[in-house]
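Student: Below is a structure I'd like to ask you about.
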Amino acid sequence: MTRSVWKGPFVDGYLLKKAETARNSGRNEVIKIWARRSTMLPQFVGLTFGVHNGHKFIPVLVTEDMVGHKFGEFAPTRTFSGHGGDKKAKRG
């Protein structure tokens, strides 16, 4: 179920402040965030965010195509190492 249109996209308040200060400073540095549930806004385009995946920070450069998606979509939390039955294919 999606969020109501009249409420608008969800973004943590501190995230807007961090993005604004980064844009005003002009330096291209990674902004570390833990807000995986926040939606990417047009103001974030061109900024690099370090999205925490529970283990480390994954750098995510926001482009125009990403606007409207969540930050957590671009920082996977699990590493897929393959299925158990694939061992036969590797040996042969």
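Student: Which of THR79, THR21, THR63 moves most in a GNM of the chain, Cα contacts under 10 Å?
Tutor: Of THR79, THR21, THR63, the Gaussian network model singles out THR79 as fluctuating most.
Student: Restricting everything to alpha-carbon atoms, can you work out Rg to Rh for the chain with a Kirkwood hydrodynamic radius?
Tutor: With Rh from the inverse mean 1/r over Cα pairs, Rg/Rh is 1.14.
Student: Please return the longest stretch of the chain lacking exposed loop sites, where trypsin sites (Lys or Arg not before Pro) count only if DSSP places them in a loop and at most 14 other Cβ atoms lie within 10 Å.
Tutor: The longest uninterrupted stretch comes out as 57-77.
Student: Report the gain in length on full extension from ASN28 to VAL45: 0.36 nm times residue separation, minus Cα-Cα distance, nm rounded to one decimal.
Tutor: Between ASN28 and VAL45, full extension yields 4.9 nm more.
Computed from the coordinates by the stated procedures, all read-outs in this text should not be read as laboratory data. Everything quoted here is computed from the prediction, not taken from an experiment. Neighbour counts are summed over all protein chains in view; Cβ atoms, including those assigned to glycine, are modelled from backbone coordinates with ideal geometry.
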